[in-house]
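Here's the structure we're looking at; comments come further down.
The values are calculated or read from the model by the stated rules, or taken from the named source; none is laboratory data. This one's a predicted model, so the numbers in the text were calculated from it and none came from an experiment. Every residue, glycine as well, gets a Cβ built from its backbone with ideal geometry; the counts of neighbours run over all protein chains shown.
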Amino acid sequence: MIPTLFLMGPTASGKTDLALALADLLPVSIISVDSLLVYRHFDCGSAKPSLALRARYPHALIDIREPESVYSAGDFCRDARIAIDLARAQGRIPVLVGGTGLYFRALERGIAELPGASAEFRAGLSARAEREGWPALHAELEALDPARARRIDPHDRQRIQRALEIHRLGGSTQSGWSRGLDGPILKVALCPPRAVLHQRIAMRLDAMLASGFLEEVERLYHRYGEQDLPAMRAVGYRQFFSWRRGEIDLEAAKRQALAATRQLAKRQETWLRAEVLQARVDPRSSDAAAQILKLLKEAGTEGV
């Protein structure tokens, strides 16, 4: 079976550039693993590959949802499996590229191994039940997962709460929850030195601002106002929406966005250290793509 390549790394580490280099050498299908890139209209601040670039190098799972919708790890697993199966059917190597560790882990291991919903989410459900009653939440569950709702009494608080928690983590229904990804997986992480990564993060913020990020924030603010959307809470957007609301000045927004992005990168690096990887690659290396080709060849990938 054609292996699946996980190309992981902290934000701004050069994952997309390396994926494109591989696409110039091999028949690959690039599949995005990014919880922000799934949303339309959030472009500059997410460093989303341009339409022109995607016309030349198609990317799956970008611009597939409107910002008002929730996109869970379970939704990602379903969509990624479809994209992976399509790539294999076409004789192409699925290359999953991104920094959303939750998505990588869910796809590899299956959703059932993920932790339960947060205490905050449960508290929110309880507060709603106080106002609306558990039958109202049962009706919500019925709209989301009718088959499961039919097996739960409208007053069974514990089971309603758990079913809604599961839906929040895993998508529209519970079918296929515990199944991990079929076939061999090669996991590669991009690991630039910390100082280099911080420099790349700063350069990317400058590039985003030069490409119209402030104008994008203005458009999004007029379009979505004070809605509490997942994409509006993302690193970078959160700080510049605070600027747009007049809570901080522009220089403070830049400083806070830079600091928050560095913190995100640090968390991603910590997560990667716990992963069992086939290779760690310095993106500055002239033979970074060659290292991955070697791994694919050793895995018996045809055509490498």
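Is there a residue in the stretch 215-229 that is aliphatic (A, V, I, L, M), in contact with a Gly (Cβ under 9 Å, 6 or more places away or on another chain) and assigned to a loop (DSSP other than H, G, I, E, B)? Within the stretch 215-229 (the criterion being aliphatic (A, V, I, L, M), in contact with a Gly (Cβ under 9 Å, 6 or more places away or on another chain) and assigned to a loop (DSSP other than H, G, I, E, B)), the answer is no, since none of the residues qualifies. Against the definition (surrounded by fewer than 15 Cβ atoms within 10 Å (Cβ to Cβ), touching a helix residue (DSSP H, G or I) at 6+ places or on another chain (Cβ under 8 Å) and modelled with pLDDT under 95), how does Arg233 come out, yes or no? Answer is no for this residue. Somewhere in the stretch 242-255, is a residue under 30 Å from Leu107 (Cβ atoms), in contact (Cβ under 8 Å) with a residue 12 or more places away in the chain and either within 21 Å of the chain's Cα centre (by Cα) or assigned by TED's automatic domain parsing to the domain that holds Ile185 (or both)? Among the residues of the stretch 242-255, not one is under 30 Å from Leu107 (Cβ atoms), in contact (Cβ under 8 Å) with a residue 12 or more places away in the chain and either within 21 Å of the chain's Cα centre (by Cα) or assigned by TED's automatic domain parsing to the domain that holds Ile185 (or both), which makes the answer no.
Looking at Arg148, Arg162, Arg204, can you tell me which residue is at pLDDT 95 or above and either in a helix (DSSP H, G or I) or in the same structural domain as Gly9 (by TED's automatic domain parsing) (or both)?
Within the list Arg148, Arg162, Arg204, the selection yields Arg204.
Could you run through the stretch 275-304 and say how many residues are outside any loop (DSSP other than H, G, I, E, B) and among the polar types (S, T, N, Q)?
At the first step, the residues of the stretch 275-304 found to be outside any loop (DSSP other than H, G, I, E, B) are 279-281, 288-298.
Now restrict to residues that are among the polar types (S, T, N, Q): 291.
Within the stretch 275-304, residues that are outside any loop (DSSP other than H, G, I, E, B) and among the polar types (S, T, N, Q) number 1.
So that you can scan it fast, the table gives a plain yes or no per residue for (1) under 27 Å from Ala299 (Cβ atoms); (2) without any contact (Cβ under 8 Å) to a residue 24 or more places away in the chain:
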{"position": "Thr11", "(1), (2)": "no, no"}
{"position": "Leu26", "(1), (2)": "yes, no"}
{"position": "Ser29", "(1), (2)": "yes, no"}
{"position": "Ala52", "(1), (2)": "no, yes"}
{"position": "Leu61", "(1), (2)": "yes, no"}
{"position": "Glu68", "(1), (2)": "no, no"}
{"position": "Ser72", "(1), (2)": "no, no"}
{"position": "Arg78", "(1), (2)": "yes, no"}
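Can we say Gln199 is part of a helix (DSSP H, G or I), out of contact with any Cys (no Cβ under 9 Å at 6 or more places or on another chain) and within 30 Å of Ala288 (Cα to Cα)? The answer is yes for Gln199. Against the conditions (1) under 13 Å from the mean Cα position of the chain (by Cα); (2) more than 24 Å from Val276 (Cα to Cα), Pro27 satisfies every one except (1).
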